[in-house]
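This report refers to the structure that appears directly beneath it.
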Amino acid sequence: MNPDSRVDELRPFAPRGLLGNAHVQSLLTSGPWRRRRVQRQAAAYLGRSQRELVETGDGTRLLGFRNSSPSAERREALVILLHGWEGSSESNYLLSTAVALDSAGFDTFRLNMRDHGTSHHLNLELFHSCRLDEVLDAVGRLRQSYGERPVFLVGFSLGGNFTLRVARQAPAHGFELTRAVAVSPVIRPRHVLDALEGGLSVYQTYFVRKWRRSLRIKQALFPEHFDLDAWFRIKTLRGQTDWLVEHHTKFPNLHSYLEGYSVADDYLAGLDTSTLIITAADDPIIPARDFHELPSEPALALDLLPRGGHCGFIENWRMDSWIEQRLIKELWPLTKP
């Protein structure tokens, strides 16, 4: 298949019927129905995945999985993939995207952030969303190890937020990315927290459940270091975040912490890395107004679709994902076999 045919095959995202509902899109993308299909499709890919630890300059160890594409159309290009909060390298949206990219000829590296996936034992201190330096350093090391070949960074949700921050800081950190793509990225975290509290309870319940599971694992691994019993008695996401900010970060208060990983206002001003944001206006977690308020930068493009939910973009009841083909369309012309 030639690259032009791949580009021409991309259809506009136009979900029909119930699939046009933002909540259906958002819940399906990470749900068990889709997971069964993704795991079947990914079996061979996962069998070829090579486990790899990336050690950063400060001694942080991040777990990742590398795949070299077996495709006859191998692109000699690497896509580094970042999951969302309390996701992992095997989250439905990330794994399905990785398999599609692998099939299209891209090498992939699925990077787990600290305390995500099966990586809780690798570092003592807890994950929080302002730990940019270790992700920036890890991406830089992966980029440098790939030589002069194209390297792309693709992130989803909170991983999209990290992608935007890495893209902004990469040149000052001594490396360049060929292109960065953020899917449904967090822009202003306090607005996300407001949306989670004011929206359907299923979203807050989902994240609270996963976060509680993660911190139980962490406390069991390091019982002499963590006493989180008071945290487990808190029932709300805001209350839990506030407690951890006070007890396990250097931030003076919750507002300061949330602003610490915001990419709103002028954060992206002066962006040099070619960057694309793909998101949906009906995202129930990320307010569309946050995207309209981003600065106009030559290196930044925004694709704000009418529908798609949060990291959804499910095309049909077979759980086919439009976003995977959109990413291939975006990255393919920037590579060569």
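The values are calculated or read from the model by the stated rules, or taken from the named source; none is laboratory data. Predicted model, so just to flag it, every value in this text is computed and none were measured. Cβ: placed from backbone, ideal geometry, glycine included. Neighbour counts: every protein chain shown.
Couple of notes before you dig in:
- Search result, residues across the stretch 250-292 that are in a helix (DSSP H, G or I) and of a type outside the set (Gly, Ala, Ser): Leu254, His255, Tyr257, Leu258, Glu259, Arg289, Asp290, Phe291, His292
- Looking across the stretch 216-240 at every residue that is part of a helix (DSSP H, G or I) and in contact (Cβ under 8 Å) with a residue 24 or more places away in the chain, the one that is nearest to Cys311 (Cα to Cα) is identified as Leu237.
- Breaking point among (1) more than 17 Å from the chain's Cα centre (by Cα); (2) of a type outside the set (D, E, K, R); (3) part of a loop (DSSP other than H, G, I, E, B); (4) surrounded by 14 or more Cβ atoms within 10 Å (Cβ to Cβ), for Pro337: (4)
- Contact map, the stretch 111-127: residues that are at positive phi paired with residues that are of a type in the set (Lys, Arg) and outside any loop (DSSP other than H, G, I, E, B), Cβ distance under 8 Å, separation 6+ or inter-chain. Pairs shown: Asp115/Lys218.
- Output for the stretch 144-153, where each listed residue is of a type in the set (Ser, Thr, Tyr) and either part of a loop (DSSP other than H, G, I, E, B) or under 16 Å from the mean Cα position of the chain (by Cα) (or both): Tyr146
- Candidate set from the stretch 316-326 (those that are of a type outside the set (S, T, N, Q) and crowded, with 19+ Cβ neighbours inside 10 Å); member that is farthest from the chain's Cα centre (by Cα): Met319
- Filter pass, Arg190 being over 18 Å from Tyr257 (Cβ atoms) and modelled with pLDDT of 95 or more: no
- Arg141 vs. criteria surrounded by fewer than 21 Cβ atoms within 10 Å (Cβ to Cβ), touching a residue at least 12 places away in the same chain (Cβ under 8 Å), in a helix (DSSP H, G or I) and in contact with a strand residue (DSSP E or B) (Cβ under 9 Å, 6 or more places away or on another chain): yes
- In the stretch 210-240, residue farthest from Gly117 (Cα to Cα) [restricted to those that are aromatic (Phe, Trp, Tyr) and surrounded by fewer than 17 Cβ atoms within 10 Å (Cβ to Cβ)]: Phe232
- Selected residue (criterion: nearest to the chain's Cα centre (by Cα)) from residues of the stretch 53-82 that are among the acidic types (Asp, Glu) and closer than 18 Å to Phe152 by Cβ: Glu76
- Taking the stretch 36-52 as the range and being closer than 15 Å to Ala100 by Cα and either over 22 Å from the mean Cα position of the chain (by Cα) or not polar (S, T, N, Q) (or both) as the test, the residues that pass are Arg37, Val38, Arg40, Ala42, Ala43, Ala44, Tyr45, Leu46, Arg48.
- Checklist (1) part of a helix (DSSP H, G or I); (2) under 21 Å from the mean Cα position of the chain (by Cα) applied to His247, failing item: (2)
- Meets criteria (under 27 Å from Leu193 (Cβ atoms) and touching a residue at least 40 places away in the same chain (Cβ under 8 Å)) for Gly309: yes
- Residue check for Gly105: surrounded by fewer than 20 Cβ atoms within 10 Å (Cβ to Cβ), in a loop (DSSP other than H, G, I, E, B) and touching an Asp or Glu at 6+ places or on another chain (Cβ under 7 Å): no
- Taken together, the criteria exclude His255 from residues that are touching a residue at least 60 places away in the same chain (Cβ under 8 Å) and either closer than 25 Å to Arg216 by Cβ or surrounded by 15 or more Cβ atoms within 10 Å (Cβ to Cβ) (or both).
- In the stretch 17-59, the residues that are of a type outside the set (S, T, N, Q), part of a loop (DSSP other than H, G, I, E, B) and touching a residue at least 60 places away in the same chain (Cβ under 8 Å): Gly31, Gly57, Asp58
- Output for the stretch 154-209, where each listed residue is within 10 Å of the chain's Cα centre (by Cα) and either closer than 17 Å to Cys130 by Cβ or surrounded by fewer than 24 Cβ atoms within 10 Å (Cβ to Cβ) (or both): Gly155, Ser157, Leu158, Gly159, Gly160, Asn161, Phe162, Thr163, Pro185, Val186
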